[in-house]
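Below is one structure, written out as C-alpha cells; comments come after it.
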Amino acid sequence: MEDTKKPQGIQSGSATTLPLYFSVFFFLLAALALMVFTVRYLVTSESDAPDITTTASVALPQPATTSTTNLEQTIEVTEGDTLADIFDRYNLDQRDLSAVLSMPNVKTALRHIKPGNQMQLMMAPNGALEKLSYQIGSNQFIKVARTQHGFISKTVTEALETRKAVAQGVVRSSFYSAAQNAGLPTSLILDLGKIFAWQVNFKQGLHPGDTFEVLYEERYLGDKFVEYGDILAAKFYVNGELFEAIRFKPAKGIARYYTPMGNSLDRAFMRAPLKYTRISSSFNLNRKHPILGITRPHEGVDLAANWGTPVTAAGNGVISFEGKEGGYGNLVIVSHGQGITTRYGHLSRFVKGLRPGDHVSMGQVIAYVGSTGLATGPHLHYEYRINDAPQNPLTVKLPGTAPLPAKYRKSFLAQTRVYLAQMDKAISMPYQLTELG
Ligand SMILES: [Zn+2]
C-alpha cells in the first residue's frame, strides 16, 4: 500500500510540479523580454534609432516627434480681414472657428483684428488648428490652444525690456521744434516742460543757443520698440545757467524730480490761482487807482477772467477769512504757514460749505470770479503776502515742496551718479558733438 502510494504520491507530485516549471519558464521568458525591452529602450532614447519606435510604441512613452512636423505660420492681418477669412485661407475647420469664437474673451479680442497686426497659427500635421496667438496690446497677447477637452484661451502679458536713450538739442527758434529735431516725441516734450515748469520759462525765457539733454526710457518687446517710458534725468542750459532734474521714486511712493542735491523741483504754490485771459493791472505799490483817482498802492495783481471762472487755493493752507471786505468785495484769505497768506478779491461767490478754519489744498476750488467791491470788470485781485507785506505774486520766489527725505538720500545720490554719467557718455559721442555744432 505504501509502494503504490509512493508512485501515486510521485505522480500526484509530478502533476503539480509540471505547471510550476511552466510558470517559471514563462516568468523567465517574460523577464528576458523585459530586459531586451529595457536595453532597447535605453538605446533608443540615446541614439533616437527610428526603427525601435514601433516596438516601443506599445508600452513606452513616444518621443515628442510630432511637434517638429507641426506647421507654424506668422501671418499679417490685411485690410478687411476677419478671423473667418484667415481660417478660409489656411483651410482650417469652420467648427474650430466656432469653437474658438465661443470663448467670450477671444470673441471680444478677435472681433476687429487690425490690419498690420500679426497672428501666429500652429497647425498639426493633419492641418488642424493647434494654437493661435494674436497681439491685442503693446505687450498683451491672446493665446488659444487645443487640448483633449477642446480649446482653451488666456491673455498673456509679456514683460517689456526697458532701455535708456539720450536726446539733446539746441534751441534755434522754439523749444518745441528743437526737441522734435532731437527726436523726442510730443509726450516727452510736454513732460520736460512740466519738469522744468518752475525753472524755465518756455514761452519767453529761452534764447537761441540754449541747450538741453534728456535721458529717457524706451520699452521694447524683443527688438521691437513699443513705447516711451519716463524721463529719468534732464539738463537745461538757459543763458548759461544750468538747471538739472533727476527722477526718483521711493519704493513706496510717487516719483518726483529733484535737483542733483535732492531739492524738489516742484513748487508748493501755483503762480496764478486761476485760468486768466490777461493781466489787467500789475503789482505796483505806487499806482494811481483807476476809480478813486488817487495814488494808492496796488498790492496784488489783477487777473482778468470770465465771470464765474473757478478760483483755486494757490497752495495748501487754512481759510482764515471769507466774506465782504471794503474795496475787495467778496474776499477769501488763505493762511499757508511760514507767514505766507494769499488774498482773492472781487469774487462773485464762495464755494458752498467752505468756511474759515477749513483746510484747502493747492488747486482746490474755493470761489468764483466776479466784480464785487471796487472793480471795473470781472477779474481776480490776487495778493501774496509774507508776514503781511505784499509781494508781487508773479515774481515772488515760491517755496518748494519738501526735499527728498533723508532716508532716500544715499540711493538717490547713487542713482544720480549713474544717470549723469550715462548722459555724459552719450553726449561725448562724435555724432552728438556735431549736433551740438
Ligand atoms: Zn486789484
Taking GLY345 and the conditions (1) out of contact with any helix residue (DSSP H, G or I) (no Cβ under 8 Å at 6 or more places or on another chain); (2) of a type outside the set (D, E, K, R); (3) in contact (Cβ under 8 Å) with a residue 24 or more places away in the chain, which numbered condition does it fall short on, given that it satisfies the others? (1)
When residues of the range 368-389 are limited to those that are more than 13 Å from TYR344 (Cα to Cα) and assigned to a strand (DSSP E or B), the one nearest to the ligand (Cβ to nearest atom): ALA389
Any residue at all in the range 352-364 that is touching a residue at least 24 places away in the same chain (Cβ under 8 Å), within 14 Å of the ligand (Cβ to nearest atom) and surrounded by 13 or more Cβ atoms within 10 Å (Cβ to Cβ)? no
If you go through the range 304-324 one residue at a time, do you hit one that is surrounded by 13 or more Cβ atoms within 10 Å (Cβ to Cβ) and basic (Lys, Arg)? no
Just give me the residues in the range 379-409 being farther than 30 Å from ASN306 by Cα and without any contact (Cβ under 8 Å) to a residue 60 or more places away in the chain, in sequence order. ASN387, ALA406, LYS407
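Give LEU129, LEU206, LEU190 a once-over and let me know the one that is outside the structural domain of GLN94 (by TED's automatic domain parsing) and in contact (Cβ under 8 Å) with a residue 24 or more places away in the chain. Quick ask: steps written out before the conclusion?
Working: LEU129 fails: outside the structural domain of GLN94 (by TED's automatic domain parsing); LEU190 fails: in contact (Cβ under 8 Å) with a residue 24 or more places away in the chain.
None of the others qualify; the one that does is LEU206.
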Could you say which residue among LEU206, LEU232, LEU215, LEU221 is more than 23 Å from LEU160 (Cα to Cα) and not aromatic (Phe, Trp, Tyr)? LEU206
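Output the residues belonging to the range 251-262 that are modelled with pLDDT of 90 or more and surrounded by fewer than 20 Cβ atoms within 10 Å (Cβ to Cβ). Please lay out each step first, then the result.
Kept after step one, since they are modelled with pLDDT of 90 or more, are these residues of the range 251-262: 255-262.
Matches in the range 251-262: ALA255, ARG256, THR259, PRO260, MET261, GLY262.
Restrict the check to the range 325-334 and report whether at least one residue is exposed (fewer than 14 other Cβ atoms within 10 Å of the Cβ) and either modelled with pLDDT of 95 or more or on the phi < 0 side of the Ramachandran plot (or both).
From the range 325-334, those exposed (fewer than 14 other Cβ atoms within 10 Å of the Cβ) are 326; that's our starting set.
Keeping just the survivors that are either modelled with pLDDT of 95 or more or on the phi < 0 side of the Ramachandran plot (or both) gives none.
Within the range 325-334, not a single residue is exposed (fewer than 14 other Cβ atoms within 10 Å of the Cβ) and either modelled with pLDDT of 95 or more or on the phi < 0 side of the Ramachandran plot (or both).
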In the range 267-292, what count of residues is obtained for those that are surrounded by fewer than 19 Cβ atoms within 10 Å (Cβ to Cβ), closer than 17 Å to ALA367 by Cα and within 15 Å of the ligand (Cβ to nearest atom)? 1
For the range 209-226, which residues satisfy the criterion of being in a strand (DSSP E or B), surrounded by 15 or more Cβ atoms within 10 Å (Cβ to Cβ) and charged (D, E, K, R)? GLU213, GLU217, GLU218, ARG219
Residues in the range 391-403: is at least one within 38 Å of the chain's Cα centre (by Cα), within 16 Å of the ligand (Cβ to nearest atom), buried (at least 19 other Cβ atoms within 10 Å of the Cβ) and in a strand (DSSP E or B)? no
Residue check for PHE243: modelled with pLDDT under 95, away from the ligand (no atom under 16 Å from the Cβ), surrounded by fewer than 19 Cβ atoms within 10 Å (Cβ to Cβ) and assigned to a strand (DSSP E or B): yes
When you look at LYS154, is it among the charged types (D, E, K, R), in a strand (DSSP E or B) and touching a Ser or Thr at 6+ places or on another chain (Cβ under 8 Å), yes or no? no
Given the criterion of a type in the set (Ser, Thr, Tyr), closer than 30 Å to GLY373 by Cβ and either in contact with a strand residue (DSSP E or B) (Cβ under 9 Å, 6 or more places away or on another chain) or within 16 Å of the ligand (Cβ to nearest atom) (or both), identify the matching residue among THR259, THR295. THR295
Any chance the range 126-137 includes a residue that's closer than 25 Å to GLU79 by Cβ, out of contact with any Lys or Arg (no Cβ under 7 Å at 6 or more places or on another chain) and surrounded by fewer than 16 Cβ atoms within 10 Å (Cβ to Cβ)? yes
In the range 335-351, which residue that is surrounded by fewer than 18 Cβ atoms within 10 Å (Cβ to Cβ) and on the phi > 0 side of the Ramachandran plot is nearest to the ligand (Cβ to nearest atom)? GLY339
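The values are calculated or read from the model by the stated rules, or taken from the named source; none is laboratory data. Note that the structure is a prediction, hence the values are computed from the model and not measured. Virtual Cβ from ideal backbone geometry, glycine too; neighbours counted across all protein chains shown.
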